[in-house]
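The structure appears right after this line, and notes come after that.
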Amino acid sequence: MSDSDPLPCSPPADLPPDILLEIFLHLSSEPRHLLAASLVCKRWRRLVRNPDFLRRFRAFHRAPPVLGFFQNIWCVTRCSNQHQRRLGFKPTVSSVGRLTPPNPDLMRWALDCRHGRVLLQCSGDQGLHVWDPMAGEAHYLRRPPGSQGLDIAAAVVCAAGHDDHTDCHSTPFQIVFLDACKRVEDDGDVARILSAYVYSSETDAWGDATVITFPFTFDSSKGSVLVGNSLYWMLELDELFSSYILEFSLSGQRLELIELPDADVCEAYMSDIHVMPAEDGGIGFVGVNQSSLHFWSRRIDPEGAAEWVLIRIVDLNKLSGLPAADILLFSSVVACSEDGDELFIQSEAGIFMINIRSLRLKKVLEATGLPIYPYTSFYTREHQRIEERRSEVHFVGVFCDAGVTYLHRRTIHW
């Protein structure tokens, strides 16, 4: 037998279904593991594909894995020699292929990603697409009738009452669309008006606008963050460092401003901070100070007074997998996974994904400078079938050691 020949496969051990399902349940949530198990034999494939098992698997792991991230890439068209934005996807796990929206020739770019859905804006008619890559579905809608500004932000969320975000592919959704424009007042002053609209897929209609006046612009490239029943965006003052977070309450349909710590704190992070869920379940933010990550949380005391508290510091020099001590110099946080423990940090050396629990670091992209939108989801049955046709897995067998059953395999992708 030559070195290039695949190893002969022994038939998998004839374990009872309950034991096999328990083993499968404890596999990693990354899709390649269930995919590999489904290729062993027809019996394992039936077990892995069973809807009841998949529900148990999602409930056991709770947080869907980060499959990759989307980017809005500027490119030059051949016919017009003009710069245009295109949607690109970069997988962060080996078993995920390219995710391409329907009608890929259309010009679209990402506005938001959440719970397995991607919110896209279309060029030309400025319409919106809600795209579900795992289900292979897309929902088109027009922008709110009253929107008129070019300074916009938007978010996609599950409809009220759906709290289990392990499988949102068939559930109703909402879109929150923020539109900032300038208006000349009667006294000649120019006021900036922010309008918030909410779309419901259940009614297929936009609600009335919630309007406030404020002197800010959006940093919409960082996207939104969902914490509890509220969405949050970073804001930028026209001439000063950003010092506020915008909150939109989904239940109360209210817009409010949350003041960040004093200017000295913001300047310590060069005002380059990223809003994210705090470890205690509230709203927080993270910033890079020299060679460390600083995690802050907004806490409310029994009397209703709010304060910002520094709750954790992570030394970047102690990350596992760091190839060089100075590789994260002059870095900043550019994205986070709301459902998991992953942060994305950009430095001059590229973009890195950090798990803030295990403190493991992984380089995911060479280029820098473009916003990224992490995409999280469990793989569905339809996509498992696609990947099965792209992979060949040779299993050596199943063996036991000290009462623990192991899967020993050799995998070839082609």
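The values are calculated or read from the model by the stated rules, or taken from the named source; none is laboratory data. What you see is a predicted model; the values in this text were computed from it and never measured. Glycine gets a Cβ as well: all are built from the backbone with ideal geometry, and neighbour counts include every protein chain shown.
Which of (1) in contact with a strand residue (DSSP E or B) (Cβ under 7 Å, 6 or more places away or on another chain); (2) modelled with pLDDT of 85 or more does residue 338 not meet, given it meets every other one?
For residue 338, the failing item is (2).
When you scan segment 103-115, do you find a residue that is surrounded by 13 or more Cβ atoms within 10 Å (Cβ to Cβ) and modelled with pLDDT under 75, even just one?
Taking every residue of segment 103-115 in turn, at least one turns out to be surrounded by 13 or more Cβ atoms within 10 Å (Cβ to Cβ) and modelled with pLDDT under 75.
Quick one: which strands (runs of 3 or more DSSP E) lie wholly within segment 171-219 and hold at least 3 residues that are modelled with pLDDT of 90 or more and on the phi < 0 side of the Ramachandran plot?
It comes to 173-184, 190-200.
Within segment 35-57, take every residue that is under 24 Å from residue 91 (Cα atoms) and buried (at least 18 other Cβ atoms within 10 Å of the Cβ) and give me the one that is farthest from the chain's Cα centre (by Cα).
Only one residue tops the list, namely 39.
Among the residues of segment 306-317, is there at least one that is free of Cβ contacts under 8 Å to residues at least 24 places away in the same chain, acidic (Asp, Glu), assigned to a loop (DSSP other than H, G, I, E, B) and exposed (fewer than 14 other Cβ atoms within 10 Å of the Cβ)?
no
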